[in-house]
Amino acid sequence: MSSELDQQYINTIRFLSVDMVQQANSGHPGMPLGAAPMAWVLWMRWLRYNPRNPQWVNRDRFVLSAGHASALLYSLLHLTGYDLSLDDIRQFRQWGSKTPGHPERGHTPGVEVTTGPLGQGMANAVGMTIAEAQLAARYNRPEHAVIDHHTYAIVSDGDLMEGVASEAASLAGHLKLGKLVCLYDDNHVTLAAGTDITFSEDRAKRFEAYGWQTLHVSDGNDVDMISAALDEARAETARPTLIVVRTHIGYGSPEQDSFKAHGSPLGVEDVKKTKQTLGWPLKPDFLVPAAALAHFREALPRGAAAETAWQERLDGYAKAFPGLAQELLGRLRGELPADWDADIPVFPADGKGIATRVASGKVMNALAPKLAALFGGSADLDSSTHTNLKGLGDFNPSPAVGQDTQGSDSAGWSRAGRNLHFGVREHAMGAVANGLAVHGGFLPYGSTFLIFSDYQRPAIRLAALMGLHVVHVFTHDSIALGEDGPTHQPVEQLASLRAIPNLTLIRPADANETAVAWKVAVTSKRHPVLLALTRQDLPTLDRVRYASAEGLRRGAYVLSDAKDGKPQLILIASGSEVNLILAAADRLQGEGIPVRCVSMPSWELFENQPQSYRDSVLPPDVSARLAVELGVPQGWDRYTGARGDMLGVERFGASAPAEVLLREYGFTVDNVCARAKALLA
């Protein structure tokens, strides 16, 4: 079914992977043994890439969604000439190596996205495909196809079991993403069992119901059958494709078709037997025959030629369409237009004010015309989260005659649309946003209620791990959302999200803090940003009386102070509770108690400030400190200190009007003043 040389090339991948796992005494050898033929066909016959420039804009994207098979990917990267040496291969899963246990974006050249949590990579691939389609529609012109590439993924049984992949696959089918091709390693085995014990539906029919083309390869070692399936997949432009490839986990080993080959090294003796079965020399380990290396390194001149040809097309495009080319290249470099923030509104003081979710929507629509990279949507909550970019169209295939288009943007449906309707798919929304970010050229955002951040947490964590520039717009941020009750009222979510490293959470106190929060979100390029916004109206503070909202950039700032700048008491709050502490401070000041009010919208931004600034906001010699926030108190003691106090929410919410809930939970001026005086006593 393949030539002797083809078998040598495939076995080179297999046994580099097996030797990696065995030397580390840790890893997953089974999938590389079974999936090596499909990986070889894809990488050496179809995938367009340039190992000397892993960031080439128009490369095909490859996602190993089954990240536990990382040894397979590292073998391919080394063999095809990426900056990954044989010594790096030998250091698999070791401290400081470039070959960690699961693929990590930014850590290993050629790794597009961090994978391991199953299903996330497949959903990321959907986001990458959306990115290509939107950029192509926005910038390509007749005879000038400067954005034109596919996204490929190798997925496992575990990926298809996970709900996030199902959500993403449903969305991909609806959007008719013809440039997405997933190779399904159908080996009938998971980590702890055969799939018959848990996974009996017809996966191909499920994907057909999603709107995918499904193809079958009955023998995962038949490289010509695999290649023909890939050819057919590429020819389909209106549907994503799932290629079901029947493979054998641990192929050639004594544990072939056993779950024992999945997640543990084969062992010295079984490695020897596997090499004998497949006709591979027992020694040396990490063998790369000269003919095999020469074959794989053909990827170097081929990739360089492909990029050179594309660069010539890009040069011609830039001459014909200089404005479009400048915008496209600026987006791909992550650059901001010079006047991107010129139209962000300044909100006048207003005692009634507006909800921060409404202010956020106004800011987003001021940004969108100048910030072409801003792209995203909500989980069927546009009217509640105010995240629709008005007049910029919906990213959707053109509607069929008679199709229901209610809820659509006024500019209609097209691939160039800027509003992505995720539907009720929060799990996929976070992962698709990550895929948009890793593709490049986008500032993606997703939006839902803060309570449903729990659905997105795995994707948020991965965005933080990868340092991706993604904005999460979460509204209805406290029990003050009112009558919907405890199922929708976040209590522990703020603390839980603050626990994620490299995630900046901002909870603005009014419309102007919200405007500054968006400025921070747009310019914070090395980590995700989360905005926690209110359902209820908040007064827009008089910034003549109080400090400028620009103080938000530093995470916390003195909003109002004792007359002599020497407070006996510090009140600290975020978001909607800032107005509460200001009202309490007015009463306490009237009683002769010098009070400082600190708005603290972002712990993370505050922690990044010099100690001298932090001490100027929270002087160490003022120990009477009261923090007020509609969430669990966890973590606030770092700012209140040992002698301070925190007014928070330590039980679930309830269904009632907001004003009743705030009274019953103690978020009143009377209670804040009483708690503050207790500290002074």
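The values are calculated or read from the model by the stated rules, or taken from the named source; none is laboratory data. Computed from a prediction, not measured in an experiment: that's the story for all the values here. Cβ placement follows ideal geometry from the backbone for every residue including glycine, while neighbour counts extend to all protein chains displayed. Remember, those area values only see protein heavy atoms, side chains included, never the ligands or the DNA or RNA. Shrake-Rupley method; radii C 1.70, N 1.55, O 1.52, S 1.80 Å.
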Amide H contacts under 5 Å for Leu374, restricted to residues at least 5 apart in sequence or on another chain and with H modeled in the peptide plane, are Leu443
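Okay, helix-only estimate at 222 nm for the chain: each DSSP H run of n ≥ 4 adds -39500 (n - 2.57), divide by all residues, round to 500 deg cm²/dmol; what do you get? Write down the numbers at each step before the final one.
Values: 25 runs with 270 residues, N = 681.
Value at 222 nm, helices only, nearest 500: -12000 deg cm²/dmol.
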Fully extended contour minus Cα-Cα distance, from Asn608 to Met161, at 0.36 nm per residue: 156.9 nm
Tell me which of Gln7, Gln634, Gly467 sits at the most positive position along the dipole axis of the chain, charges placed on C-beta atoms (Lys, Arg +1; Asp, Glu -1). Gly467
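To the nearest 20 Debye, how big is the dipole of the range 540-681 about its Cα centre, given +1 on the beta carbon of each Lys and Arg and -1 on that of each Asp and Glu? Working shown, then result.
Working: 16 positive and 18 negative charges, 44 e Å.
Computed about the Cα centre, the dipole is about 220 debye.
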By how many nm would the segment from Ala674 to Asp196 grow when fully extended, if each residue of separation counts as 0.36 nm and the alpha-carbon distance is taken off? 165.8 nm
With angles folded into 0 to 90 degrees, how steeply does helix 453-466 sit against the dominant principal axis of the chain? Use alpha carbons for both and round to 10. 70
Using a 1.4 angstrom probe, figure out how much accessible area the range 294-416 has per residue, in square angstrom, rounded to the nearest whole. 49
Computed lengthening from Ser383 to Val346, 0.36 nm per intervening residue step minus Cα-Cα distance: 11.0 nm
Interchain or sequence-distant (5+) residues whose placed amide H lies within less than 5 Å of the amide H of Asp380 are Phe422, Gly423
Unit charges on C-beta of K, R, D, E only; dipole of the range 1-77, Debye: 340
Euclidean distance of C-alpha centroids, the range 363-404 and the range 438-515, integer Å: 19
For the range 544-615 and the range 217-294, what is the separation of their C-alpha centers, rounded to whole Å? 62
Rounded, prolate or oblate for the range 254-408? Axes are the square roots of the Cα gyration tensor eigenvalues, ordered a ≥ b ≥ c, and the cut-off for rounded is a/c under 1.5. prolate
Let me cross-check Thr114: its accessible surface, 1.4 Å probe, with only protein heavy atoms counted, in Å² to the nearest 10? 10
Solvent exposure of the range 8-158 as accessible area per residue, Å², 1.4 Å probe: 25
Modelling each spin label as a point 7 Å along the Cα-to-Cβ direction, I'd like the Val401/Ala309 distance in nm, to one decimal. 4.0
Rounded to the nearest 0.05, what FRET efficiency do Ser410 and Arg638 give with R0 = 41 Å and r taken as the Cβ-Cβ distance? Could you check? 0.30
³J(HN,Hα) computed for each position of the range 76-82 - Karplus, 6.51 cos²θ - 1.76 cosθ + 1.60, integer Hz, glycine/proline x: 5, 5, 5, 5, 7, x, 5
Just going by the charge dipole of the chain, with Lys and Arg at +1 and Asp and Glu at -1 on Cβ, which of Asn608, Pro539, Pro51 is farthest out on the positive end? Asn608
Once phi is turned into θ = phi - 60°, what whole-Hz ³J(HN,Hα) does the Karplus curve with 6.51, -1.76 and 1.60 give for every residue of the range 385-397, x standing for Gly and Pro? 8, 6, 10, 6, 8, 6, x, 10, x, 9, 6, 6, x
Could you tell me which residue out of Ala292, Pro254, Gln276 lies farthest along the dipole of the range 159-296 toward its positive end? Charges go on the beta carbon: Lys and Arg +1, Asp and Glu -1, centred on the Cα centre. Ala292
For Leu569, which sequence-distant residues (separation of 5 or more, or a different chain) have an amide H within less than 5 Å of its own amide H, given hydrogens modelled in the peptide plane? Arg596
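Rounded to the nearest percent, how much of the accessible area of the range 9-131 (1.4 Å probe, protein heavy atoms only) is carbon and sulfur?
Numbers: 1360 of 2990 Å².
C and S atoms contribute 46 percent here.
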Using a basic spin-label model with each label point 7 Å from the Cα along Cα→Cβ, how many nm lie between Arg526 and Phe286? 3.1
With a 1.4 angstrom probe the carbon and sulfur portion of accessible area for the range 252-337, in percent, totals 58
Among all the lysines, which ones have a C-alpha under 25 Å from Lys519's C-alpha, if same-chain residues fewer than 8 places away are not counted? Lys352, Lys362, Lys370, Lys390
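Taking the Cα centre of the chain as origin and charging only Cβ (+1 Lys, Arg; -1 Asp, Glu), how large is the dipole, in debye to the nearest 20?
Working: 63 positive and 75 negative charges, 266 e Å.
It works out to roughly 1280 debye.
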What whole-number distance in Å separates the alpha-carbon centres of the range 99-116 and the range 662-681? 50
For a paramagnetic label modelled at 7 Å from the Cα of Ala228 toward its Cβ, which residues of the range 161-204 fall within the zone defined by backbone nitrogen distances under 19 Å? 183-184
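Averaged per residue, what accessible area in Å² does the range 206-275 show with a 1.4 Å probe, protein chains only? Don't jump to the answer; show the numbers that get you there.
Working: 2890 Å² over 70 residues.
Here the residues of the range 206-275 average 41 Å² of exposed surface.
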Can you give the accessible area of Met44 in Å² (nearest 10), computed on protein heavy atoms with a 1.4 Å probe? 20
Could you tell me what percent of the accessible area of the range 587-681 is made up of carbon and sulfur, with a 1.4 Å probe and every protein chain present? 49
Rounded to whole Hz, the Karplus (6.51, -1.76, 1.60) HN-Hα couplings of the range 518-529, x for glycine and proline: 5, 4, 5, 4, 5, 9, 8, 8, 10, 6, x, 10
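Checking the table Lys98/Lys275; Lys176/Lys319; Lys563/Lys677 against a 23 Å threshold on Cα-Cα, which pairs fail? Please report the intermediate quantities before stating the final value.
On the way: Lys98/Lys275 26 Å; Lys176/Lys319 32 Å; Lys563/Lys677 19 Å.
In this structure, Lys98/Lys275; Lys176/Lys319 lie more than 23 Å apart at Cα.
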